[in-house]
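In what follows, a structure is listed as structure tokens, so that the remarks can point back to it.
The values are calculated or read from the model by the stated rules, or taken from the named source; none is laboratory data. Computed from a predicted model, the values in this text were never measured in an experiment. Glycine gets a Cβ as well: all are built from the backbone with ideal geometry, and neighbour counts include every protein chain shown.
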């Protein structure tokens, strides 16, 4: 009496297997179709071709009165009080998955409402992500360092550098802030006289990013704009040029941020000053060791440290009081991390050699007698 039930169960299992196989086939087919998208293909081709590169560029930013506080809802006062300008010189170096970013880009000190020039160095490699603020972060703060929780540089992934990052590492989530694989191609759009394809990346029902991609210029982005609640709140226009060695690249771009009412908050004008292949870059270019005395925060462990004279990190509390424990700084060479072990092994080897020498001498003495 139980046999028919067993046969039915077997048929159901087989049907489920067939349905699963069909689903996998459909998903694979869709994935292969997305993988053959012209924009994605061109982006991947550039990443494969331009393994190493150095880009020197400048940024000139203008903050309208209340422009910064307009980006921070709930700010108690208008920042800045008057129109404020800031300029910075920047260098982005890439070597495969490694990244080095040097900048003296200004930082807003919100409590005082002032814009301060703060040089910093950011390095990302396969082992760690580090940021070094040589002059600190605040107006009078001491040098400080940061060990990131992820192998990425948020300063680089932001919208400000998007024309560069989407061109050079558009499919690398550690460098480019937008997931281009999720963008959907739409109709045609004209941008400054150029015929482009519009792609849309939806973040939420009332928030989406749009990209105008120029097929005639190796599918580079000519315009990026963000829509929130049906209004453009952030947009960037990109000018392109053709490099004889590297192909089409951004030459300059202009970004404008507005609030949902259409009021301009900030504008940024970027200009690429120099581009070169960085094939001769040494491995040390993509390494960073914090110098002695620097206060370091490790986002991975949420602990604070002070750098010792030998490069190790001594844990401290938020007030800077010594907590006693010492750890190696990420990136410390193996021989430096294991100095005690090496010295112990050398000591043991010397003791063994001495014992063998004494034993051999005793044998000779016994043989002679």
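Applying the condition of being touching a helix residue (DSSP H, G or I) at 6+ places or on another chain (Cβ under 7 Å) and part of a helix (DSSP H, G or I) to the range 169-189 and asking which residue is farthest from residue 272 (Cα to Cα) yields 181. Note on the range 232-256: residues that are buried (at least 16 other Cβ atoms within 10 Å of the Cβ) and out of contact with any strand residue (DSSP E or B) (no Cβ under 8 Å at 6 or more places or on another chain) amount to 1. Summed over the range 190-208, residues that are touching a helix residue (DSSP H, G or I) at 6+ places or on another chain (Cβ under 9 Å) and without any contact (Cβ under 8 Å) to a residue 60 or more places away in the chain total 5.
Inside the range 125-148, residues that are crowded, with 16+ Cβ neighbours inside 10 Å, free of Cβ contacts under 8 Å to residues at least 60 places away in the same chain and either part of a strand (DSSP E or B) or within 19 Å of the chain's Cα centre (by Cα) (or both) make up a count of 3. With respect to being outside any loop (DSSP other than H, G, I, E, B) and either at pLDDT below 95 or closer than 30 Å to residue 172 by Cα (or both), residue 151 falls outside the description. Reported count of residues in the range 105-121, each being without any contact (Cβ under 8 Å) to a residue 60 or more places away in the chain, closer than 25 Å to residue 52 by Cα and crowded, with 16+ Cβ neighbours inside 10 Å, is 2. Whether any residue in the range 304-312 is farther than 19 Å from residue 131 by Cα, touching a strand residue (DSSP E or B) at 6+ places or on another chain (Cβ under 9 Å) and at pLDDT 95 or above is what I want to check. Within the range 304-312 (the criterion being farther than 19 Å from residue 131 by Cα, touching a strand residue (DSSP E or B) at 6+ places or on another chain (Cβ under 9 Å) and at pLDDT 95 or above), the answer is no, since none of the residues qualifies. Screening the range 257-275 for residues that are under 24 Å from the mean Cα position of the chain (by Cα) and surrounded by fewer than 18 Cβ atoms within 10 Å (Cβ to Cβ) and picking the one that is farthest from residue 191 (Cα to Cα) gives 274. Could you grab me the full set of residues in the range 209-227 that are over 25 Å from the mean Cα position of the chain (by Cα) and either surrounded by 19 or more Cβ atoms within 10 Å (Cβ to Cβ) or without any contact (Cβ under 8 Å) to a residue 40 or more places away in the chain (or both)? Matches in the range 209-227: 214, 216, 217. Look at the range 268-289: where a residue is more than 19 Å from residue 245 (Cα to Cα) and in the same structural domain as residue 143 (by TED's automatic domain parsing) and a partner is modelled with pLDDT of 90 or more and assigned to a helix (DSSP H, G or I), sitting 6+ places away or on another chain with Cβ atoms under 7 Å, you get 268/160. Just so you know, in the range 39-73 the residues that are within 23 Å of residue 108 (Cα to Cα) and free of Cβ contacts under 8 Å to residues at least 12 places away in the same chain include one that is surrounded by the most Cβ atoms within 10 Å (Cβ to Cβ), and it is 69. For the condition surrounded by fewer than 20 Cβ atoms within 10 Å (Cβ to Cβ), within 14 Å of the chain's Cα centre (by Cα) and in contact (Cβ under 8 Å) with a residue 60 or more places away in the chain, residue 159 qualifies.
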